[in-house]
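The structure appears below as structure tokens.
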Amino acid sequence: MWKAITGRLGFAGGKAGHTADLKQGYKAHKRKDYATAMKEWKPLAEQGDAAAQHNLAGMHRQGQGVPQDNVEAMKWYRKAAEQGYAPAQLNLGVMYFQGQPVVQDNVIAHMWFSLAVAQGNDAAVKGRDIVIKQMTPTDISRAQ
């Protein structure tokens, strides 16, 4: 069900305003050269680049060039999400809804989906609509 919402993880790259290293990482990732993608993105992520943080999270979540690690993925998604990066907010919503690697929490899932929705993320609308069906009115009020 969530694959339909999030589709592919939507690795960022090649957008105006992003550094050449982010673009090079995206190109490497696209050709499945995960070592090069990691080499390009990790320094950017450590410097606070939200797109690079999101991309590292996806690599950890899918086990691409690194051991699959949802805890590490969540760490990087959270860093990007707290900067207002909607794709990371969407993925945090999914992880809280699924309870991986955290305790399942519809209120927090709804909150992250709603933050992404506020930025026009269409996939987050679908996620929020799914999670809201499993919430009480009190839960919805808390999430908002």
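The values are calculated or read from the model by the stated rules, or taken from the named source; none is laboratory data. Because the structure is a prediction, the values reported are computed rather than measured. When we count neighbours, we look across all protein chains shown, and the Cβ atoms used for this are built from the backbone with ideal geometry, even at glycine. Just so you know, the surface numbers come from the protein's heavy atoms only, side chains and all, with ligands and any DNA or RNA stripped out. Shrake-Rupley method; radii C 1.70, N 1.55, O 1.52, S 1.80 Å.
Some observations on this one:
- Atom-type composition of the exposed protein surface of the chain places 51 percent of the accessible area on carbon and sulfur (1.4 angstrom probe).
- Whichever aspartates and glutamates have a C-alpha closer than 17 Å to that of K30, once near sequence neighbours (fewer than 8 apart) are set aside: D21, E40
- Range in the chain, longest, excluding exposed trypsin sites (Lys or Arg not before Pro) [loop by DSSP; at most 15 other beta-carbon atoms within 10 Å]: 33-132
- Structure-based [θ]222 nm, the chain - -39500 (n - 2.57) summed over DSSP H runs of at least 4, per residue, nearest 500: -20500 deg cm²/dmol
- Of (1) 120; (2) 99; (3) 207, the label for volume of the Cα convex hull per residue in Å³ derived from the coordinates: (2)
- Per residue, the solvent-accessible area of segment 24-139 (1.4 Å probe, heavy atoms of protein chains only, all protein chains present) comes to 47 Å².
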